[in-house]
Amino acid sequence: MKASNNDFSIHVATVNGSGSQTANTTLMRSIFQMGVPVSGKNLFPSNIAGLPTWFTIRVNESGYVARKRRNDVLVAMNPETSVADISAMGSGSIVVVSEGVPAPKIPEDRTVYKVPFDKLVQPLVPDAKLRKLVVNMVYVGVVSHLLGIDFEEVDRSLTAQLGRKPKALDMNRAAVKVGAEYAAQNLKPAPFRVERRSQTEGKILIEGNQAAALGAMFGGVTFLSWYPITPSSSLAESLQAYLDRYRRDPKTGEATFAVVQAEDEIAAIGMVLGASWTGARAMTTTSGPGLSLMTEFTGFAYYAEVPAVIWDIQRVGPSTGLPTRTSQADLLSVAFLSHGDTKHVILLPATVEDCYTFGMNAFDLAERLQAPVFVLSDLDIGMNVWMSEPFRYPDKPWDRGKVLGQKELAKLSKFERYRDLDGDGIPYRTLPGTDHPLAGYFTRGSGHDERAFYTEDPETYKRVMDRLAAKYETARTLVPPPVIERTKGAEIGILGFGSSHWAIVEARDQLAGEGLSTSYLLLKALPFTKDVKSFLESMKLVYVVEQNRDAQMKALLTMEYPELATKLRSILHYDGLPIDAQSVVDQVKEREREEVLSR
Amino acid sequence: MTTENATPDPSANGNKNRIGLTVADYRGAKSTLCPGCGHDAITGSIIQAAFEAGIEPHRVAKLSGIGCSSKTPAYFLSRSHGFNAVHGRMPSIATGVSVANRSLTLLGVSGDGDTASIGLGQFLHLVRRNVPLLYIVENNGVYGLTKGQFSATADVGSKAKSGRVNELMPIDVCALAIELGCGFVARSFSGDPKQLRPILKAALSHRGTAVVDVISPCVTFNNHEGSTKSYLNVKEHDAPLHDIFFIPRYENIEVDYAPGETREVTLHDGSRITLKKLGEDYDPGDALRALSTIHHGRQEDKFVTGLLYVDPEKEPFEQDLKLVETPLASLPLEQVRPPVEVLEEVMASLMTGKS
């Protein structure tokens, strides 16, 4: 059997609510501390306790952190799913299974390690309820031994998590030890090993929602309203926690922010519009169903030109869909969210670093453009654990956009709220409370002229709509440009965005290894910047990779560049699981074969 | 000025209030509502109340939803910022505005459809949070802009212009507000400015949500025989609890009444409301009494008007949020971007996994 070092996936199957998180984090962090890149993905049901849940740790010294289609190491702790979990394991894999858990007969090229988890943990923890939690730490010991994970790192990681609770720490340490000892005495060596490297030095592990929250805090958020919805709640809750810790006066407890849990998503976006109209830096976080409820107000914000930052952590629709699975299927509806002619600015984070950066920049853009700005993250980026360089402190002040205060108004003979004075489609605004007789104006979602007066005059309506279109053209010059990687001589392009990025990176290397070199455009925003067009023009064919059924990005590209549409091919993935490199490779190869045949 | 020109009022005599403004400074654009609309009378009372109270127009944010009533903020206080939101959602806008700048005075105008039908949820949550705001319901029981359909405040047995009779229980916004602990609940009639003005002034001095439900007949779609909210019917069935006088905090007036004839309520800012007894002695500090009074009034086909309930000490929403004194909207970058050391601390914890 060929030993595989620093390149495998560990899949842990447990029951939701069984407290496996500390155990899985310990495993993941121990490997990370040994200098080997990791990623951690939760696959969880829409349930609090009782249903099956899985955690997958990808270990890869080349830094590939997308989901791997096949897992190599399985820890089967859940009797409800063990038969299916074990049957899914491929040739050369290993299975650690709890004694007494149903296990099917599998081919001999898989190694099965039976471990009497319950017997091992019993003497350590007299309390049966507690035992259910601590038993997870026994598999940490077993797996660490099998994979050669340094026990010093296991202890360090455990201490980091439980250092404040000495009793719990001792109990968990003992569980790790008992597992490790059992493995050492009874189990034969495994074909997978972790070997020390230095690729993770100075790096952080973080979830995208947490990164977004940090970005928002350093971007100077002053108002957040939200309604609980998976998978966006952890963004709001992380932000609340960071703000409570770092934006309250330690003596008086006074806050430089407000967080309001709204009664629904309509109220959440309404509060955001009220707050940002008044001058606060305001945001909300939501997911598909919440976005549907926000529809009317986002059209209002577009037309009445009120800034707003809206994070959509995408999950699987339509309707309630698969609330705890990932997708990129809100794209098309967000691009034009609301009735009438509306089109929105969208940021597309691909990495946790993007989440942090966009957490700040989305405010600058929204206030500069006086428009709603959507950030389309997804469950895979938002709720899974990613490795990253540490985030950098902002080197620029904020951009509050075109706001006239008392001093500026004093120099003017008139103020017209919706007059385009600079030719960029962006007018000037004033904030309520500005002490000047010219400051006041009337914001409305009904037809209005440059002075914000009500009108149904056809020419005026058209003029305002044309200016909003001109503003959208200005947005094109302000949004983050795509990241383009050109390979010399490559005629095939890949265009992707968001969480598909990591699978694409890996797929491109695989394709290159098989003789197909590609150039790559990682899209970061809508509207498309001019680089998108020139990339499409320069390629013979472009594969558009996206995690939805209807090829939504391809549709947007086709609308924008109909003359280039014949170059576009779709690579789709929409089963709710994060996209993996193999899916991209297989589909590209399939399409390439078709291309050759059709020639 | 950026707003529509106000029509000069022949009655304006150049009198100035305590901050040196005239009534004209509190006016807005010409109304586009039907001549004789109750809402225009309320607009007049708002202008007069704001003038008399000496409110600084630039400190006011006017808010509304959708409907005839929600158009009216364009017709008063043209120097103030206004926000005409989407249907039934003014409360959420108001909440955001109030939290973003706690130094503003919020004046919201809504209708019965906007509040009790499409906007009931947001209205209740606004009251529940006690967002500081004067929330006026211009209540005529019908949808005017869509030509006469019933709203959720239409009384049982009231006949629409089309001849249809409403059989459903009306939603009483005052009763709901009291139930949710609103600290200022009053009902009035657009045709009774003598009662409405002091109520509006007192409501503007209240530091939490003040709900003022004003019966405001629709001359076009709900002023016929058989309608309970016609001018004639409201006038005949108006049952005021008391005469209301408002003494602002900056005026030191003593009103002289015979003992037992009046009740006085001191608001949080030191201003006072004097209630002169008309019939029975009514205690506006008793929520259960208020609810039973509303209930009995409805049974007797009476519109009970006056200050139904008041609790001047109820804590407003921003107290709950423990906000800094400076409005969130005007905080400088230094106060809202933590220093680099904070980022370093967070990054260090993400390297080690230390919580």
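The values are calculated or read from the model by the stated rules, or taken from the named source; none is laboratory data. Note that the coordinates shown come from a computational prediction; the quantities given were computed from them, not determined experimentally. Using ideal geometry, Cβ is built from the backbone for each residue, glycine included, and neighbour counts are taken over all protein chains shown.
Taking the range B:207-246 on its own, how many of its residues are of a type in the set (A, V, I, L, M) and in a loop (DSSP other than H, G, I, E, B)?
2
Determine whether the range A:81-88 contains at least one residue that is assigned by TED's automatic domain parsing to the domain that holds A:Gln21, in contact (Cβ under 8 Å) with a residue 40 or more places away in the chain and among the hydrophobic types (A, V, I, L, M, F, W, C).
Within the range A:81-88, not a single residue is assigned by TED's automatic domain parsing to the domain that holds A:Gln21, in contact (Cβ under 8 Å) with a residue 40 or more places away in the chain and among the hydrophobic types (A, V, I, L, M, F, W, C).
Among the numbered criteria (1) out of contact with any Ser or Thr (no Cβ under 6 Å at 6 or more places or on another chain); (2) closer than 14 Å to B:Glu138 by Cβ, which one does B:Ile42 miss?
Going through the list (1) out of contact with any Ser or Thr (no Cβ under 6 Å at 6 or more places or on another chain); (2) closer than 14 Å to B:Glu138 by Cβ, B:Ile42 breaks only (1).
Out of curiosity, is A:Leu409 more than 14 Å from chain B (Cβ to nearest Cβ), outside any loop (DSSP other than H, G, I, E, B) and either hydrophobic (A, V, I, L, M, F, W, C) or out of contact with any helix residue (DSSP H, G or I) (no Cβ under 7 Å at 6 or more places or on another chain) (or both)?
no
Among the residues of the range A:432-451, what is the count of those that are assigned to a loop (DSSP other than H, G, I, E, B), in contact with a Phe, Trp or Tyr (Cβ under 8 Å, 6 or more places away or on another chain) and within 22 Å of A:Phe300 (Cβ to Cβ)?
The total comes to 9.
Quickly run through the range B:155-206 and pick out the residues that are assigned to a loop (DSSP other than H, G, I, E, B) and among the polar types (S, T, N, Q).
Scanning the range B:155-206 gives B:Ser158, B:Ser162, B:Asn166, B:Ser190.
Counting residues that are within 30 Å of A:Ile381 (Cα to Cα), which strands (runs of 3 or more DSSP E) fully inside the range A:58-137 reach at least 1?
Once the strands (runs of 3 or more DSSP E) in the range A:58-137 are filtered for at least 1 residues that are within 30 Å of A:Ile381 (Cα to Cα), what remains is A:73-76, A:94-98.
All but one of (1) touching a residue at least 60 places away in the same chain (Cβ under 8 Å); (2) more than 7 Å from chain B (Cβ to nearest Cβ); (3) surrounded by fewer than 22 Cβ atoms within 10 Å (Cβ to Cβ) hold for A:Tyr418; state the number of the condition that does not hold.
(3)
Which residues, counting only those in the range A:421-446, are more than 9 Å from chain B (Cβ to nearest Cβ) and either under 17 Å from B:Pro73 (Cβ atoms) or crowded, with 18+ Cβ neighbours inside 10 Å (or both)?
Of everything in the range A:421-446, those that are more than 9 Å from chain B (Cβ to nearest Cβ) and either under 17 Å from B:Pro73 (Cβ atoms) or crowded, with 18+ Cβ neighbours inside 10 Å (or both) turn out to be A:Asp424, A:Gly425, A:Ile426, A:Pro427, A:Tyr428, A:Arg429.
One residue is enough: does the range A:457-476 have a residue meeting the conditions part of a loop (DSSP other than H, G, I, E, B) and at negative phi?
Yes: the range A:457-476 contains one or more residues that are part of a loop (DSSP other than H, G, I, E, B) and at negative phi.
Can you tell me which residue among A:Val259, A:Val221 is part of a loop (DSSP other than H, G, I, E, B), over 17 Å from the mean Cα position of the chain (by Cα) and closer than 25 Å to B:Ser355 by Cβ?
A:Val221
Residues A:Ala275, A:Ala280: which one is assigned to a loop (DSSP other than H, G, I, E, B) and within 11 Å of another protein chain (Cβ to nearest Cβ)?
One residue alone meets the criteria, A:Ala280.
Suppose we filter the range A:220-244 for residues that are at the interface with another protein chain (Cβ under 9 Å from one of its Cβ atoms) and not small (Gly, Ala, Ser); how many remain?
Matching residues across the range A:220-244 total 4.
Kindly indicate the residue of the range B:331-346 that is over 13 Å from A:Tyr246 (Cβ atoms) and at the interface with chain A (Cβ under 7 Å from one of its Cβ atoms) and also nearest to the chain's Cα centre (by Cα) among those meeting that condition.
Residue satisfying both the conditions and the ranking: B:Leu331.
I'd like to check something: does the range A:436-443 contain any residue that is among the small types (Gly, Ala, Ser) and either out of contact with any His (no Cβ under 7 Å at 6 or more places or on another chain) or in contact (Cβ under 8 Å) with a residue 60 or more places away in the chain (or both)?
No; the residues of the range A:436-443 include none that is among the small types (Gly, Ala, Ser) and either out of contact with any His (no Cβ under 7 Å at 6 or more places or on another chain) or in contact (Cβ under 8 Å) with a residue 60 or more places away in the chain (or both).
If you scan the range B:25-54, which residues turn out to be out of contact with any strand residue (DSSP E or B) (no Cβ under 6 Å at 6 or more places or on another chain), assigned to a loop (DSSP other than H, G, I, E, B) and within 14 Å of another protein chain (Cβ to nearest Cβ)?
B:Ala29, B:Lys30, B:Ser31, B:Thr32, B:Leu33
Could you name every one of the strands (runs of 3 or more DSSP E) located completely within the range A:477-586 that has at least 1 residues being touching a residue at least 24 places away in the same chain (Cβ under 8 Å) and surrounded by fewer than 15 Cβ atoms within 10 Å (Cβ to Cβ)?
Fully inside the range A:477-586 and qualifying: A:483-485.
Collect the residues in the range B:55-101 that are out of contact with any Lys or Arg (no Cβ under 6 Å at 6 or more places or on another chain), facing chain A (nearest Cβ under 7 Å) and assigned to a strand (DSSP E or B), keeping them in residue-number order.
Within the range B:55-101, B:Ala61, B:His81, B:Phe83 meet the criteria.
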